[in-house]
1. Using per-residue counts of other Cβ atoms within 10 Å, averaged over each peptide, order 69-81, 144-156, 35-47, 173-185 from highest down.
2. Give the relative contact order (percent, whole number) for the range 129-228; include only Cα pairs under 8 Å separated by 6+ residues.
3. Would you mind working out the magnitude of the charge dipole of the chain relative to its Cα centre, with +1 at each Lys and Arg C-beta and -1 at each Asp and Glu C-beta, to the nearest 20 Debye?
4. Mind running the shape call on the range 4-59? Use the C-alpha gyration tensor, a ≥ b ≥ c as the square roots of the eigenvalues: rounded below 1.5 for a/c, prolate if a/b tops b/c, oblate otherwise.
5. Counting only helical runs of four or more DSSP H residues, what would the 222 nm mean residue ellipticity of the chain come to if each run contributes -39,500 (n - 2.57) and the total is spread over all its residues?
6. Mind running the shape call on the chain? Use the C-alpha gyration tensor, a ≥ b ≥ c as the square roots of the eigenvalues: rounded below 1.5 for a/c, prolate if a/b tops b/c, oblate otherwise.
7. List the relative contact order of the chain as a percent without decimals, with contacts defined as Cα pairs under 8 Å and 6+ residues apart.
8. Calculate the FRET efficiency for Arg32 and Arg215 from the Cβ-Cβ distance with a Förster distance of 25 Å, rounded to the nearest 0.05.
Amino acid sequence: MPNITVVRHARARRYVLRLGPDGGIRLTVPRRASVEGGLKFVAGQHEWIARERARMAERAETWTEGTEIWWRGERVTLVLSADGHHILCGDQRIPFTGGRIRSSTDAQPSLFDLPDLRPTVEAHLRAVAARELPPLCLEAARAHQVAVARVFVRNQRSRWGACSSTGTITLNWRLLQMPAWVRDYVILHELMHRRQPNHSVRFWREVASVCPAWREAERWIRKNGRTIL
């Protein structure tokens, strides 16, 4: 049995698995459920655990010139400018101080080893999201007469967004990697939790009333979300 941390949660309604950065398993157990039942649940999720660990390993990989990533719903290729001072990523021109690094074993001056672009690209895109997502969320809240206290943009690893009981909306910066209509669905999804703080039939009715294409958006997320998150 892999390393498992068991946590009881009074508000949990089902067993929940999460993988930590080290690949360890965190099992959340509802208050009245048994730990033994939870361990059996974990044992039945070995394929999911293997996929998640593989995804985490992929996320740990470096991004170099030529790497493809999602940005605004399209697959774009990272390209270094000729002088190595900028990274081109879709509609973004990102300042870069790493420059091009000549391979120590390369006798041809026109051939280069490339540095890891990922930290710079992710930091820049996260900053873009911090500027763009809160106004979009607040505009949608006004349009649908939903009271929102604050909007934060975070680097969440396991969810696209969240809505607190106090009216704080938290959005994952990676929403800007999705198509705009999928991004908007996630925002509306969180806003509708202000009306229904659950995933009941009533909640989905609220979602459908403001986002008729929510099922298509969910399908896009199921198909592509793990390549982003």
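1. 173-185, 69-81, 144-156, 35-47
2. Relative contact order, the range 129-228: 23 percent.
3. 1440
4. In terms of gyration-tensor shape, prolate.
5. -12500 deg cm²/dmol
6. Note, shape of the chain comes out oblate.
7. Across the chain, relative contact order equals 12 percent.
8. Efficiency, rounded to the nearest 0.05: 0.15.
No value in this document is a laboratory result; all are computed from the given coordinates. Computed from a predicted structure; not experimentally measured. Here Cβ is always computed from backbone atoms with ideal geometry, including for glycine, and neighbour counts include all displayed protein chains.
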